[in-house]
Amino acid sequence: SIHAVDFSRPMISRAQERTSEASVGHADFVEADAQEYDYPSGEFDLAYSRFGVMFFQDPVKAFSKIRNAMKPGGRLGYICWADKSKNPWISEPAQVAKEFLELPKPPGEDEPGMFSMCREERIFEILEKAGWSEIKVEWFESTNMIGKNAEDAADFISRMGPMSEPFSEADEGQKQKTLEALRTFLKDRETPNGVQMGFGNWVVTAKRP
């Protein structure tokens with residue numbers, strides 16, 4: 001069975017819709033902070049997260065609780081962002097947008113945020129302190145479509161990462177200038193398969209001893 005935990009009600013609702021559409025009947029969902037949630041001890045075979053663990057306030061505590069929820073030999077797998085310099089899909093448009101938006105100061109290197117686990121050595125340090133073994137961190141790079149055309153991609157980017165909040169709070173004039181600049185920038189990246197840009201991630205696995 002699947003036991004899913006997320007603090008976002010919209011994410012929970014969407015997951016419930018998708019499991020219903022796929023006729024998956026052995027999944028349950030809990031709206032909670034995965035760092036604070038009281039997992040049943042020694043019950044699960046596998047823990048998995050996709051782009052969620054970077055936001056833990058106390059990652060050692062969080063991964064310790066998750067480890068305790070695993071059976072002996074239980075596995076952990078997650079994917080997180082590598083350094084922003086390895087993620088031009090978000091870093092390059094942000095350079096364009098900062099002419100029109102006041103983008104937030106990036107969090108400190110070890111503070112919760114999109115790139116808090118961008119350093120390979122920090123991942124090892126956290127998981128070792130949390131009691132995991134057989135830790136592996138593998139580089140994964142890809143080129144993905146961020147929109148069917150420049151306009152679509154600009155709309156997507158304006159709602160992502162460090163740009164989302166300042167864009168939503170900007171006046172209409174700022175929004176239009178930002179979108180126009182993003183469309184111009186992204187136009188050169190249009191292909192027959194949409195706007196393609198680079199993504200860089202770490203794929204992490206570990207095991208409960």
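Of all residues in segment 38-59, which are crowded, with 16+ Cβ neighbours inside 10 Å and more than 12 Å from the chain's Cα centre (by Cα)?
Residues satisfying the conditions are 39, 44, 47, 59.
Where in segment 83-173 are there helices (runs of 4 or more DSSP H), lying wholly inside it, with at least 2 residues that are at pLDDT below 95, of a type in the set (Ser, Thr, Tyr) and under 30 Å from residue 65 (Cβ atoms)?
Where helices (runs of 4 or more DSSP H) fall fully within segment 83-173, none carries at least 2 residues being at pLDDT below 95, of a type in the set (Ser, Thr, Tyr) and under 30 Å from residue 65 (Cβ atoms).
Residues of segment 6-32 being within 15 Å of the chain's Cα centre (by Cα) and not small (Gly, Ala, Ser), which ones?
Selection gives 6, 7, 11.
Take the residues in segment 119-148 that are out of contact with any strand residue (DSSP E or B) (no Cβ under 6 Å at 6 or more places or on another chain) and touching a residue at least 40 places away in the same chain (Cβ under 8 Å); name whichever of them is farthest from residue 60 (Cα to Cα).
Here the answer is 139.
Taking into account only those residues within segment 149-163 that are closer than 16 Å to residue 84 by Cα and not aliphatic (A, V, I, L, M), which is surrounded by the fewest Cβ atoms within 10 Å (Cβ to Cβ)?
My answer is 161.
The values are calculated or read from the model by the stated rules, or taken from the named source; none is laboratory data. Predicted, not measured: the structure shown is a model, and the values here were computed from it. Virtual Cβ from ideal backbone geometry, glycine too; neighbours counted across all protein chains shown.
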